[in-house]
Amino acid sequence: PRASDRLRGTVLHGILSRVIVPSDLHDAVWDACRCGDIDSSQAEYYERWLSGAIRSEAPGEWFPEDGKGVSNEVTLISADGELFRPDRVVEKDGKVIVIDYKTKDKESRYIRQVRRYMDLYRDMGRRDVRGYLWYLASGEIQQIK
């Protein structure tokens with residue numbers, strides 16, 4: 001709502017980093033309000049908006065009800081010691097799904113970023129690795145090949 005794009009992106013990432021299962025969303029949003037990151041009207045807006053997005057836009061396997069295999073902002077270390085942190089990773093039935101949230105318009109560097117995350121999982125021996133960019137403002141989901 002009234003926040004700058006950068007601040008809004010930081011707040012949204014903070015909220016979503018606390019959501020393992022959909023029912024975590026309420027507490028994550030209102031914790032952001034209690035911390036002063038957003039006010040109560042923004043909290044109401046974000047909760048409605050993100051709840052709807054999780055239900056209608058995100059594939060069901062991204063937010064499994066049991067939360068099994070979900071990692072938010074997990075740190076990956078490349079062979080040369082560089083650190084990477086995808087926003088959300090879901091591992092289930094031998095499949096790795098890497099999701100990165102974006103609050104701005106598309107940029108080619110975002111695709112490279114997710115591809116790097118995917119490559120790191122492949123370097124760890126994972127065969128079935130899928131990557132996605134989720135543009136929260138538009139609701140668009142872009143699969144990365």
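Odds and ends about this structure:
- In Hz, Karplus ³J(HN,Hα) per residue of segment 57-66 (6.51, -1.76, 1.60; θ = phi - 60°; x = Gly, Pro): 9, 6, x, x, 6, 6, 10, x, 4, 8
- Angle in degrees between helix 25-34 and the longest Cα principal axis of the chain, rounded to the nearest 10: 60 degrees
- Taking the C-alpha atoms only, the angle from helix 40-56 to the longest principal axis of the chain is near 40 degrees.
- Charge tally for V129 (other residues, Cβ to Cβ under 15 Å; Lys, Arg +1; Asp, Glu -1): +3.
- Sites R55 and D123 - FRET efficiency at Förster radius 30 Å, r taken between beta-carbons, to 0.05: 0.30
- Dipole of the chain, positive end: most advanced residue of Y46, Q143, H26 [Cβ charges, Cα centre]: Q143
- R109/L83 FRET efficiency (R0 22 Å; Cβ-Cβ; nearest 0.05): 0.80
- Point-to-point label distance, K68-D24, nm (Cα→Cβ direction, 7 Å offset): 1.7 nm
- Separation between Cα centres of segment 18-75 and segment 103-136, rounded to whole Å: 21 Å
- Accessible surface of segment 26-124 [probe 1.4 Å, protein heavy atoms]: carbon and sulfur percent: 45 percent
- Straight-line reach from K92: taking Cα to Cα under 27 Å and skipping same-chain neighbours fewer than 8 places apart, the lysines in range are K68, K102, K145.
- Scanning residues 5 or more positions from G131 or on other chains, those with amide H under 5 Å from its amide H are V98, I144, with H placed 1.01 Å from N in the peptide plane.
- Between L7 and S41, the contour length at 0.36 nm per residue exceeds the Cα-Cα span by 10.6 nm.
The values are calculated or read from the model by the stated rules, or taken from the named source; none is laboratory data. On a predicted model such as this, the values are computed, not experimentally measured, just so you know. Heads up, the Cβs are rebuilt from the backbone with ideal geometry, glycines too, and the neighbour counts pull from every protein chain shown. Just so you know, the surface numbers come from the protein's heavy atoms only, side chains and all, with ligands and any DNA or RNA stripped out. Shrake-Rupley method; radii C 1.70, N 1.55, O 1.52, S 1.80 Å.
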